[in-house]
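Colleague: Handing you this structure, nothing more for now.
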Amino acid sequence: MTQTNEKNCPLSGVCNVAGTLPQCTTDCSPYISVTRRYKASQLPKDYTTTFMSNSPVRATQEAIYATLDTYIKSFSMDGVRIKNVYLMSESPGTGKTTTASALLNEYIRRRFMYYVKRKEEVPQELALFLDMTEWQNRYNMATMSKDEDKLDGIAKDIERYSEVEFLVIDDIGLRTATEAFRGYVHTIINARTTNSLPIVFTSNVPITELRNVFDDRLYDRVRDQCIELPFDGQSKRGRR
Ligand SMILES: Nc1ncnc2c1ncn2[C@@H]1O[C@H](COP(=O)(O)OP(=O)(O)OP(=O)(O)O)[C@@H](O)[C@H]1O
Ligand SMILES: [Mg+2]
């Protein structure tokens with residue numbers, strides 16, 4: 001007997017034929033298309049099934065999740081600017097990356113349906129996850145080895161991160177970044193704020209420290225349209 005696919009499908013909550021055969025299988029074309037957008041997002045594997053509803057962080061960060069439950073509604077609203085979000089805690093392991101990933105996962109499925117309902121073409125990339133430490137390492141390797149292809153890859157990344165609808169920047173610290181690397185991050189953030197494209201940041205430093213990393217103008221623009229959410233508590237890492 002053919003298995004239905006509603007348990008694996010991120011669209012099942014909004015699909016009229018979820019759990020019904022013959023439509024609800026792994027051959028369903030919206031399922032295939034949305035899955036492709038998830039694969040393209042570069043979200044780390046550990047977080048691919050985390051949504052706002054099942055996030056393990058919800059129970060201990062209720063107030064933050066109440067705010068974000070309202071925020072995610074803006075993903076499918078017309079004429080509403082989607083704000084930036086700054087998830088911050090000085091102590092590690094409080095659930096920032098988990099929450100940022102849940103927001104990215106919600107964005108893809110909600111935005112996908114938004115375009116489908118409007119009968120518009122869905123962009124190939126809807127959201128990207130930028131792991132700052134990993135990208136900085138890749139950049140360092142490329143410059144050290146002067147490898148043309150790798151440097152070309154970094155240039156293409158800058159373009160993608162600047163243009164994609166929704167971007168998560170995981171761990172914006174930048175304490176160890178070179179002047180040149182900061183310049184690239186500046187370029188990405190500047191392009192996005194100019195075009196009103198949202199960024200979800202996670203960070204171990206208060207947002208005011210970004211003033212020391214970027215110029216005042218960029219800092220003001222990021223902060224102007226930003227929901228700042230401090231995560232409290234001690235590390236929950238390894239408790240799951
Ligand atoms: N509030 C919480 N309740 C339950 N589990 C949590 C909570 N916060 C984090 N966790 C668990 O701890 C682990 C680390 O969480 P996560 O990576 O989201 O933390 P983080 O704040 O991004 O940490 P870091 O500052 O080191 O980047 C995950 O497995 C996550 O599920
Ligand atoms: Mg993190």
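Colleague: When both residues are 6+ apart or on different chains and their Cβ atoms are under 9 Å apart, which pairs have a first residue that lies in region 125-141 and is within 25 Å of Arg36 (Cβ to Cβ), and a second that is buried (at least 17 other Cβ atoms within 10 Å of the Cβ) and among the basic types (Lys, Arg)?
Modeller: Pairs found: Glu125/Arg37; Leu126/Arg37; Leu126/Arg111; Ala127/Arg37; Ala127/Arg111.
Colleague: Another question, then. Within region 70-90, how many residues turn out to be surrounded by fewer than 16 Cβ atoms within 10 Å (Cβ to Cβ), out of contact with any Ser or Thr (no Cβ under 8 Å at 6 or more places or on another chain) and either in contact (Cβ under 8 Å) with a residue 60 or more places away in the chain or not in a loop (DSSP other than H, G, I, E, B) (or both)?
Modeller: Counting residues in region 70-90 that are surrounded by fewer than 16 Cβ atoms within 10 Å (Cβ to Cβ), out of contact with any Ser or Thr (no Cβ under 8 Å at 6 or more places or on another chain) and either in contact (Cβ under 8 Å) with a residue 60 or more places away in the chain or not in a loop (DSSP other than H, G, I, E, B) (or both) gives 4.
Colleague: Given (1) modelled with pLDDT of 95 or more; (2) closer than 25 Å to Val164 by Cβ, identify the lone condition not met by Ala66.
Modeller: (2)
Residue-wise test of (1) among the small types (Gly, Ala, Ser); (2) not in a helix (DSSP H, G or I).
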{"site": "Asp152", "(1), (2)": "no, no"}
{"site": "Ile158", "(1), (2)": "no, no"}
{"site": "Ser162", "(1), (2)": "yes, no"}
{"site": "Leu174", "(1), (2)": "no, yes"}
{"site": "Thr208", "(1), (2)": "no, no"}
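Colleague: Can you tell me which of Glu121, Glu125, Glu106 is closer than 23 Å to Asp78 by Cα, assigned to a loop (DSSP other than H, G, I, E, B), touching a helix residue (DSSP H, G or I) at 6+ places or on another chain (Cβ under 6 Å) and among the acidic types (Asp, Glu)?
Modeller: Every option except Glu125 fails the conditions.
Colleague: Just checking, which of Arg182, Arg192, Arg138 is more than 16 Å from ligand 1 (Cβ to nearest atom), of a type in the set (Lys, Arg) and within 28 Å of Val80 (Cβ to Cβ)? Give the steps one after another, and end with the answer.
Modeller: Numbers: Arg182 fails: within 28 Å of Val80 (Cβ to Cβ); Arg138 fails: within 28 Å of Val80 (Cβ to Cβ).
Exactly one of Arg182, Arg192, Arg138 is more than 16 Å from ligand 1 (Cβ to nearest atom), of a type in the set (Lys, Arg) and within 28 Å of Val80 (Cβ to Cβ), namely Arg192.
Colleague: Another question about this same structure. So Thr48 passes all but one of these: (1) surrounded by 12 or more Cβ atoms within 10 Å (Cβ to Cβ); (2) at positive phi. Which condition number does it fail?
Modeller: Tallying (1) surrounded by 12 or more Cβ atoms within 10 Å (Cβ to Cβ); (2) at positive phi, Thr48 fails exactly one: (2).
The values are calculated or read from the model by the stated rules, or taken from the named source; none is laboratory data. Small disclaimer: the values here were computed from a predicted structure and weren't measured. Note that we place each Cβ from the backbone using ideal geometry, even for glycine, and neighbour counts take in every protein chain shown.
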